[in-house]
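Down below is the structure, laid out as structure tokens.
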Amino acid sequence: MSKVLSSVVDAIGNTPLVRLDRLTEAYGVEGTILAKLEYLNPGFSKKDRAARGIIDDAERSGALRPGQTVVELTSGNMGAGLAIVCGIRGYPFVAVMSRGNSDERARMMRALGAEVVLVEQLPTSVTGQVSGSDLELVDRAAQRITTERGAFRVDQFHRDGNWVSHYLTTGPELWEATEGKIDGFADFLGSGGTYTGITRALKELKPDVQCYVVEPEGAAVAAGQAVTNPEHPIQGGGYAIPDLQFLRGVPIDGFVQISGHDAKRTARALAVREGIFGGFSAGANVAAALRLLAGEMSGKVIAVVICDSGLKYLSTDLWE
Ligand SMILES: Cc1ncc(COP(=O)(O)O)c(C=O)c1O
């Protein structure tokens with residue numbers, strides 16, 4: 001019975017790593033893109049890892065008491081992961097999300113037993129395009145609910161369990177699958193947990209691995225650019241938050257900016273050419289890797305994460 005898992009929480013991680021040779025050939029670039037299929041996690045995204053990481057830490061430190069309510073701001077993926085982990089471990093979970101995120105996400109979290117509180121966007125915002133200012137409103141609502149209910153706030157932008165989960169699992173998995181034959185890594189920032197965890201893990205093992213931060217065109221604050229387009233369509237990140245906590249002191253070898261159009265076009269190409277059905281940010285990551293192979297990383301091996309499933313965006317213009 002050693003291969004039988006005691007709950008679905010143990011099915012988080014150890015996702016497949018796939019060569020995107022059909023895509024690189026179609027784009028006529030030299031080198032290899034390796035895609036880590038994080039949409040095959042139980043909540044259909046990489047955020048299952050961060051959810052488990054933060055809850056594990058909080059249980060260990062005593063910050064989370066048995067049966068205590070858990071609250072988090074989410075664009076849907078962290079919420080799905082938390083709904084699963086909290087459901088299995090007996091914590092009521094409240095997900096606080098902007099109404100600008102796709103409806104599938106709220107429905108999925110409810111199906112997994114979460115209470116979902118939707119926060120209206122600013123009057124100037126666009127559905128499907130959650131800006132940093134929209135996120136501030138969601139954050140305020142999450143803070144209020146946490147106080148009212150005496151809850152544990154997951155706080156994925158600040159609690160180290162987020163990036164440490166990638167440092168302990170995703171990074172080493174990339175290293176083992178490639179047997180160290182990996183030259184670069186590119187990642188679209190939300191909290192920066194994935195970038196930080198994987199970069200720290202890979203750089204410890206191979207200091208000259210080249211790690212690139214991916215941001216939306218017009219919202220590239222980490223690259224030091226002015227924010228001209230906070231309402232981009234790449235859901236899950238690109239919030240133009242200056243000075244992300246996890247990124248402090250973490251090496252960045254370069255920056256890539258991807259337009260919403262390019263992220264969508266690449267996500268569609270990924271589905272058609274590779275049979276990999278990812279979301280907007282997966283498209284942004286792969287678009288960045290293609291651009292790097294067309295330029296300074298030509299001939300190299302670059303890893304990216306397919307952050308979540310395309311099924312989460314069926315109601316959006318990604319798959320019109
Ligand atoms: C779809 C998607 N892409 C990218 C990200 C950004 O990941 P991170 O918060 O680890 O930077 C998230 C985070 O929630 C996400 O849900």
Point to revise | Gain in span if fully extended, ARG248 to THR228, counting 0.36 nm per residue against the direct Cα distance | key: 4.8 nm
**Study point:** Distance from region 6-23 to region 108-171 (C-alpha centre basis), Å
**Key:** 25 Å
Exercise for review: Pop out the Kirkwood hydrodynamic radius of region 191-320 from its pairwise C-alpha distances, inverse of mean 1/r, in Å to one decimal.
Suggested key: 15.2 Å
Study note, to complete from the structure: The percentage of the accessible area of the chain (probe 1.4 Å, all protein chains present) made up of carbon and sulfur atoms, to the nearest whole number, is 50 percent
**Study point:** Probe 1.4 Å, protein heavy atoms only - accessible area per residue of region 47-153 in square angstrom
**Key:** 41 Å²
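State the percent of C-alpha pairs, over all pairs in region 276-320, separated by a distance greater than 17 angstrom.
Every Cα pair in region 276-320 considered, those over 17 Å come to 39 percent.
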Exercise for review: For the chain, would you read off the P(r) tail past 23 Å as a percentage of all alpha carbon pairs?
Suggested key: 54 percent
Review point. Taking amide H positions as placed 1.01 Å from N in the peptide plane, with prolines and chain starts having none, which residues 5 or more places from GLY190, or on another chain, fall under 5 Å of its amide H?
Key: GLY238
Exercise for review: Excluding residues on the same chain fewer than 8 positions from LYS312, give the aspartates and glutamates whose Cα lies under 18 Å from its Cα.
Suggested key: GLU38, ASP48, ASP103, GLU104, GLU320
**Study point:** Per DSSP, loop GluC sites (Glu not before Pro) in region 20-106 with at most 14 further Cβ within 10 Å
**Key:** GLU30
Practice item. Would you please give the residues with an amide H less than 5 Å from that of VAL96, counting only those at least 5 places away or on a separate chain, with H modeled from the backbone geometry? Key: GLU72, LEU73, THR74, VAL117
Point to revise | Helical contribution to [θ] at 222 nm, DSSP H n ≥ 4, -39,500 (n - 2.57), averaged over the chain, rounded to 500 | key: -11500 deg cm²/dmol
Check your understanding: Sequence-distant or interchain residues sharing an amide H contact under 5 Å with GLN121, placed H: which?
Key -> ARG99, GLY100
Check your understanding: Three principal axis extents, largest first, for the C-alpha atoms of region 140-260, in Å?
Key -> 49, 35, 23
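Could you sort the peptides 259-270, 77-88, 172-183 by per-residue average Cβ neighbour count (10 Å cutoff), highest mean leading?
Ranked by mean Cβ neighbours within 10 Å, highest first: 77-88, 259-270, 172-183.
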**Study point:** Cα-derived Rg to Rh of region 47-153, Kirkwood definition
**Key:** 0.97
Study note, to complete from the structure: For the chain, the charge dipole (Cβ of Lys, Arg +1; Cβ of Asp, Glu -1; about the Cα centre) points to a positive end, and the Cα of CYS86, GLY275, LEU17 closest to that extreme belongs to CYS86
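The values are calculated or read from the model by the stated rules, or taken from the named source; none is laboratory data. Remember, predicted model here, so these are calculated numbers, not experimental data. Glycine gets a Cβ as well: all are built from the backbone with ideal geometry, and neighbour counts include every protein chain shown. Only protein heavy atoms, including side chains, enter the accessible area calculation; ligands, DNA and RNA are left aside. Shrake-Rupley method; radii C 1.70, N 1.55, O 1.52, S 1.80 Å.
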